[in-house]
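What follows is a single structure, written as structure tokens, with notes after it.
The values are calculated or read from the model by the stated rules, or taken from the named source; none is laboratory data. What you see is a predicted model, and the numbers here were worked out from it, not measured in a lab. Cβ placement follows ideal geometry from the backbone for every residue including glycine, while neighbour counts extend to all protein chains displayed. Side chains included, ligands, DNA and RNA excluded: accessible areas come from the protein's heavy atoms. Shrake-Rupley method; radii C 1.70, N 1.55, O 1.52, S 1.80 Å.
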Amino acid sequence: MLNYNELNDMEPAIESLRVDCAPKATGEGLIPVRSSETSNDEPCLNSSERHGSDTSQASSGRDLRYMNIATWNVRTMNDCGKLEQVRMEAERLRLDILGLAEVRWTSSGQVNTNGWTLYYGDDDKVHQRGVGFLVALMIVKTVLKIQPISDRIIVIRINAKPQPMTIIQIYMPTTEAEDDEMFSIYAMLQKVVDECPKKDRLVVMGDFNAQIGANCQHMACGKFGVGEGNSRGDQLLDWLSDNKLIAVNTCFQHRKNQHYTWCSPGGQWNNQIDYIAIRLRDRKECKDSRALRSADCGSDHQLVWMRLEGRSWNKKKTLTKNPKLNMSQLKDPATVAAYEASVRVYLNGKDVTWPALADALTSATKEHCSVIRKARKPWIENPECLDLIEQRRQAKINDFQGEECRSLYKTVKKACRKAKRKWLADLSIEADQSFRSGNTKRTYQLIKQISVRKSPQPGIGIKDKNGKMLYESESIRNRWAEYGSQLFSSNLPRHCPDEHSPEMQEPDVMPSEIRAAIRRSKVGKAAGQDGIFREMIAGGDTPSYKP
């Protein structure tokens with residue numbers, strides 16, 4: 001039987017079991033806990049018990065009544081496999097939106113990875129600073145606006161209930177920066193907050209590099225801060241107070257190691273410098289907030305999480321894409337024979353019209369051709385890499401900044417680089433075999449993967465005809481409609497009148513002409529609006545071109 005300390009140490013998924021009795025801002029009704037500054041005082045639980053809440057949260061699915069929002073200083077996204085590691089942690093914790101600091105990518109844009117979308121904004125030249133959002137698939141559909149302000153501020157607005165939500169991710173300079181730089185960033189941040197619609201729920205989160213401290217009597221924070229405050233913390237509190245915001249990860253009583261968000265090398269100092277702030281009027285909608293010690297990506301910062309009441313809302317019906325099927329399987333004689341038999345079964349007793357034939361071809365193809373599942377970086381799923389990543393996560397929980405944890409940081413990087421080199425070597429061997437067998441299409445596909453030439457990523461926002469950037473999704477759609485109407489509304493010549501007399505009629509198409517047209521058609525081309533590929537018609541002696 002777990003005691004109070006063990007219950008309090010569970011990760012945030014357990015809040016779904018007691019969300020109706022969540023603690024108020026005053027701290028009333030809390031389960032009594034014993035404070036501890038080091039993770040060594042954690043109750044001795046086995047792996048499954050220690051992280052049972054994370055596992056249960058991942059298996060139970062997202063609660064549609066609440067949104068899981070988090071912020072994380074990942075230190076850099078340039079390490080080999082770092083994006084996939086962050087994505088796997090976000091999936092394991094069932095996050096909806098994860099704000100990232102110190103992305104350290106150049107320019108701005110968006111990247112899709114296994115259903116998640118990373119929006120990022122950074123400096124155009126150097127790999128420094130940078131902020132972004134990692135957004136789950138269901139939330140991407142509700143994004144109304146994504147706007148990078150600078151390499152330290154990025155804004156996302158989503159359609160949610162009961163009100164739309166605006167989230168600002170920020171990365172403040174360290175205490176070594178000049179005061180003028182801090183004032184300029186706060187002025188930029190204030191302008192963004194002023195432009196936010198008053199009806200929206202506002203979330204400002206990120207690495208503020210400021211210490212509020214414990215026992216701080218201020219309306220902009222709770223009474224569960226840790227450490228000693230500093231001048232940057234006072235500056236942050238004044239700014240939060242002016243905008244009627246409150247740092248919610250100081251409002252809930254947890255163990256001290258669930259309040260610390262940064263640990264110095266060697267574990268000598270622990271500070272709380274990452275915060276999530278919301279409007280004071282929305283305080284009751286926040287059910288819990290803390291630092292999650294189990295989240296790991298090789299950073300010295302902890303992931304700061306918040307559960308907020310409400311859910312995303314998409315009014316429009318999204319079109320579902322048909323899965324990509326492996327049409328090359330129709331070259332196998334045994335598969336072709338089974339495919340033809342299935343088509344005849346689907347057409348049995350029906351008039352061979354085009355709609356009936358198209359349905360039969362589609363159903364038979366789905367039955368005999370497997371789905372192609374393309375992974376962006378399949379080498380990261382190497383069992384050795386996944387095992388080392390899990391070992392590093394366990395070592396981080398047991399002794400953050402310990403000797404074992406620091407050594408595993410290096411081991412994981414080496415293992416990821418080794419797995420990537422092996423993956424590229426296997427692709428090279430496969431490309432050579434494909435070239436020798438005469439499969440030029442597959443050869444060029446593999447060469448494109450091996451060359452690792454970065455394809456241009458879709459940017460964020462477009463320009464109007466005056467050169468002004470547009471970031472609102474509605475404005476972007478209107479601009480594309482305007483551009484299309486201008487492009488096709490020029491004085492183009494109308495179609496020529498029919499020169500043939502109405503008495504002239506073309507002869508019926510012969511079956512031999514259909515067969516010849518199918519033989520001349522190219523392989524591997526995209527399907528039309530009906531979703532029928534050339535390989536589906538020419539898979540064998542199907543009734544599609546029989547007389």
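Does segment 192-211 hold any residues that are more than 27 Å from the chain's Cα centre (by Cα) and over 24 Å from residue 260 (Cβ atoms), and which are they?
We begin by selecting, within segment 192-211, every residue more than 27 Å from the chain's Cα centre (by Cα); these are 194, 198, 210-211.
The answer is 194, 198.
Take residue 170 and decide whether it is within 22 Å of residue 75 (Cβ to Cβ), in contact with a Gly (Cβ under 7 Å, 6 or more places away or on another chain) and β-branched (Val, Ile, Thr).
Values: within 22 Å of residue 75 (Cβ to Cβ): yes; in contact with a Gly (Cβ under 7 Å, 6 or more places away or on another chain): yes; β-branched (Val, Ile, Thr): yes.
Yes, satisfied.
Being at pLDDT 90 or above, touching a Lys or Arg at 6+ places or on another chain (Cβ under 6 Å) and surrounded by 12 or more Cβ atoms within 10 Å (Cβ to Cβ) narrows it down to one of 386, 408, so name that one.
Just a single option satisfies the conditions, and that option is 408.
Pick out the one residue from 151, 180 that is crowded, with 19+ Cβ neighbours inside 10 Å, outside any strand (DSSP E or B) and without any contact (Cβ under 8 Å) to a residue 40 or more places away in the chain.
So the residue among 151, 180 that is crowded, with 19+ Cβ neighbours inside 10 Å, outside any strand (DSSP E or B) and without any contact (Cβ under 8 Å) to a residue 40 or more places away in the chain is 151.
Please enumerate the residues belonging to segment 75-117 that are of a type in the set (Ser, Thr, Tyr) and surrounded by 21 or more Cβ atoms within 10 Å (Cβ to Cβ).
Across segment 75-117, the qualifying residue is only 108.
Given 491, 466, which one is open to solvent by 80 Å² or more (accessible area, probe 1.4 Å), out of contact with any Gly (no Cβ under 6 Å at 6 or more places or on another chain) and at pLDDT 85 or above? Break it down stepwise before answering.
Numbers: 491 fails: at pLDDT 85 or above.
The unique qualifying residue is 466.
Being at pLDDT 95 or above and not polar (S, T, N, Q) is true for just one of 135, 143. Which residue is that?
Of 135, 143, the one residue that is at pLDDT 95 or above and not polar (S, T, N, Q) is 135.
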